[in-house]
Amino acid sequence: MLTEGVSLIDSRSDRVVMEPNSTYWNPARRPSVRIVYDNVIGKGEGIKSVAAGDGRVDVVFDLTPDEAKAFPQSDKGKIQTKKAKTILTGVFNENRPDSPWRDPEVRKALNLALDRQAILDQGAHGYGTVIPAFIQPGRYGADPGLAPFPHDPQAAKAVLEKAGLAGRELVFVSSPAWKGVVEAIGRNLSQIGLSARFVSDRGDLPEEFDVKLEWYFDWTPQYPVACVHREFFGKDATLRQGPEDPAFDALYDKLLHTAEPAAQENVVREVERYIQDKAKALFLYSPYTLFAVSDRVEFTPYDTCMSELAETRIKG
């Protein structure tokens, strides 16, 4: 990927330099600027450089929502967003035999307890899109008939109290980047007599955690039979948090043995509906990919979940 369209790559410990190749075969994608990928300038320093317009840094990849929110007012640079093929979701810990999260009605109740737009606004400063299941609307396999769970705290409270969860502190494990999201979830749970405690996934995980927030890629547009669902629920999944699910495995087997593209997409939609019907996850939202971009360049991110230099367009 790095050699496409360039005549020289100077690869060193501190940077990668990409020089334009004036003889590249595809005129529509022929580079016109020299690009230096710097591995020494720190992220924070790079963000300050973009805002100051000092010319050292033009693009900083993968800002957190807090970093984007803190970007100073500037006429030299701006925050640029991209709807990447990613999801932020909660994986229920069903591994303990006495786990309340083995009951789909209890999983559904916790979903009903959440005001997703408020969580997105408060926990991620609005940098994302609330979606109904695992696939963004408009993407391959997304079911246009699905809608996000409604916010119904009273219905949630009744089910959770019946399950013996009244007054309980729920333990949420996540990357520190999502601590604000857990805190926003906690504000929702306080309305129904529950609370949330954040535990960083940077250390040993407690055995009795309730939900782990995970950030995953939606690969379905490129690999429809290797969609993200298998990572959570398939019989060979490495991320399975609960007991075997023969109904899901049968659906996934059907997906693997459906070759015709239109029929295959319909099966992916069946999988999406099943996962939502059974509330197999704590559905949250699709985060944006965030960039700090200097006004010196016109930056076009590739439609992906990655931030590889070869997958961008920078027009000089």
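Summarising the label geometry, the points placed 7 Å from Cα in the beta-carbon direction at Val33 and Gln73 lie 2.7 nm from one another. The residues Lys48, Lys278, when put in order of fewest to most other Cβ atoms within 10 Å, stand as Lys278, Lys48.
Backbone geometry of segment 248-259 corresponds, through the Karplus equation with coefficients 6.51, -1.76 and 1.60 at θ = phi - 60°, to 3J(HN,Hα) couplings of 5, 4, 5, 4, 5, 5, 4, 4, 5, 10, 10, 9 Hz, x marking Gly and Pro. Count Lys and Arg as plus one, Asp and Glu as minus one, and take only other residues whose Cβ is under 15 Å from that of Lys78; the net charge is then 0. A straight Cα-to-Cα reach below 25 Å connects Lys76 with the lysines Lys43, Lys48, Lys315, residues fewer than 8 places away in its own chain not being considered. From least to most packed, judged by other beta carbons within 10 angstrom and beginning with the fewest, Arg116, Arg168, Arg96 follow the order Arg96, Arg168, Arg116. Among Trp25, Trp101, a tally of other beta-carbon atoms within 10 Å of each Cβ gives an order, fewest to most, of Trp25, Trp101. The amide H of Arg197, built 1.01 Å from its N in the peptide plane, has Leu170, Val171, Phe172 as neighbours under 5 Å, considering only residues 5 or more places off or on other chains.
Amide hydrogen proximity for Ala84: with H placed 1.01 Å from N in the peptide plane, the residues at 5 or more positions away or on another chain lying under 5 Å are Thr289.
Note on segment 86-287: the C-alpha convex hull projects to 10.7 nm² when averaged across all orientations. Net charge of the neighbourhood of Gln276, taken over other residues with C-beta under 13 Å away and scored Lys/Arg +1, Asp/Glu -1, is +2.
Each reported figure results from applying straightforward, stated rules to the coordinates on display, with no laboratory input. Since this is a predicted model, take the numbers as computed values, not measurements. Neighbour counts run over all protein chains shown; Cβ positions are idealised from the backbone, glycine included.
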